Amino acid sequence: ADSLTRSRDLADFFESVATTCGDANLAANWVLGEFSAALNKADTALAESPVSADDLSGLLCRIQDKTISGKIAKQVFAAMWQGEGTADTVIAARGLKQVTDTSALATWVDEVIAASPQQVANYQAAATEKRPKMIGFFVGQVMKKSRGKANPQQVNQLLQERLCP
């Protein structure tokens, strides 16, 4: 709260982002994190920022509606900062929309499982409490295969369904 209220302009910017996207925590994280870091790196005043409060709100809305992941959002933000347009424009132009189609995700999951017989055996032999950490390997492989576009929650669910005998 202290960091957000040090300057009236930043407080107003944050308030606009938080109100528009409807998630104060997400807005605070982005305003104090990526946005402020970009301002500092470019040695730019808030008033001269290439990303407006409405632009940042639009990006956060795409995270919330799961169009993109938080990781992809950082790439989109960087492109927005460079003047490539709004979040929606960048997502469309770069083909960054998160894949939520179950059949596409299932194909990647099945390919990863088929290519990792030892990890599958280790997972299935592991105690139940160890499995959540172990599934991370498979999620990572699917994310690599999808170039970061797969919805991680859906991937996790599909993996659990397929890996549990």
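The values are calculated or read from the model by the stated rules, or taken from the named source; none is laboratory data. Just so it is clear, the structure is predicted and the values come from calculations on it, not from any experiment. Heads up, the Cβs are rebuilt from the backbone with ideal geometry, glycines too, and the neighbour counts pull from every protein chain shown. When the accessible area is computed, the model is the full protein with side chains, heavy atoms only, and any ligands, DNA or RNA have been set aside. Shrake-Rupley method; radii C 1.70, N 1.55, O 1.52, S 1.80 Å.
Measuring with a 1.4 Å probe in the full set of protein chains, what accessible area per residue, in whole Å², belongs to the range 1-94?
54
Quick one: which residues, 5 or more positions from ALA150 or on another chain, have an amide H under 5 Å from its amide H? H modelled 1.01 Å from N in the peptide plane, none for Pro or chain starts.
For ALA150, whose amide H was placed from the backbone, the distant partners under 5 Å are VAL99.
Which residue fluctuates the most in the chain, going by a Gaussian network model with Cα springs under 10 Å, if the choices are ASP43, ASP55, ASP23?
Residue with maximal mean-square fluctuation among ASP43, ASP55, ASP23: ASP43.
Quick check on the range 19-157: what are the equivalent-ellipsoid semi-axes from the Cα gyration tensor, as sqrt(5λ), descending, whole Å?
The answer is 35, 16, 13 Å, longest axis first.
For GLU161, tell me the accessible area in Å² from a 1.4 Å probe, rounded to the nearest 10.
Taking all protein chains as shown, GLU161 has close to 110 Å².
Please report Rg over Rh for the range 119-160, where both radii come from the alpha carbon positions and Rh follows the Kirkwood definition.
Details: Rg = 10.5 Å, Rh = 10.6 Å.
Using Cα coordinates only, the ratio equals 0.99.
Could you give me the ³J(HN,Hα) list for the range 88-95, computed from phi with Karplus coefficients 6.51, -1.76, 1.60 and θ = phi - 60°, whole Hz, x at Gly and Pro?
So the Karplus estimates, Gly and Pro as x, are 4, 5, 5, 4, 5, 5, 9, x Hz.
Carbon-plus-sulfur fraction of the accessible area of the chain, 1.4 Å probe, in percent? Mind showing how you got there, number by number?
Details: 4570 of 9190 Å².
Result for the chain: 50 percent of the exposed heavy-atom area is carbon or sulfur.
With point charges of +1 on the Cβ of Lys and Arg and -1 on the Cβ of Asp and Glu, referenced to the Cα centre of the range 22-165, which listed residue (THR100, GLY136, SER57) lies farthest in the positive direction of the dipole?
Result: GLY136, furthest along the dipole toward the positive end.
For the range 31-47, what does the Karplus curve 6.51 cos²θ - 1.76 cosθ + 1.60, with θ = phi - 60°, yield as ³J(HN,Hα) per residue in whole Hz, taken in order and with x for Gly and Pro?
Values per residue, Gly and Pro as x: 5, 7, x, 4, 5, 5, 4, 5, 4, 5, 4, 8, 6, 10, 6, 3, 5 Hz.
Under 10 Å, Cα contacts only: if you run a Gaussian network model on the chain, which one of LYS130, LYS144, LYS74 comes out with the highest mean-square fluctuation?
Among LYS130, LYS144, LYS74, the largest GNM mean-square fluctuation belongs to LYS130.
Can you run phi through the Karplus equation (6.51, -1.76, 1.60; θ = phi - 60°) for the range 9-19 and list ³J(HN,Hα) in whole Hz, with x for Gly and Pro?
Coupling constants for the range 9-19: 4, 5, 4, 5, 4, 4, 4, 5, 5, 4, 5 Hz.
Please report, to two decimal places, log10 I(q)/I(0) for the range 42-99 at q = 0.29 Å⁻¹ as given by the Debye formula with identical point scatterers on the Cα atoms and no solvent.
-1.22
Given the rule -39500 (n - 2.57) for each run of at least 4 DSSP H residues, summed and divided by the residues of the chain, what is its mean residue ellipticity at 222 nm, to the nearest 500 deg cm²/dmol?
Rounded to the nearest 500, the figure is -20000 deg cm²/dmol.
With every protein chain left in place and a probe of 1.4 Å, what is the accessible surface of THR128, to the nearest 10 Å²?
110
Let me cross-check MET134: its accessible surface, 1.4 Å probe, with only protein heavy atoms counted, in Å² to the nearest 10?
The value for MET134 is about 60 Å².
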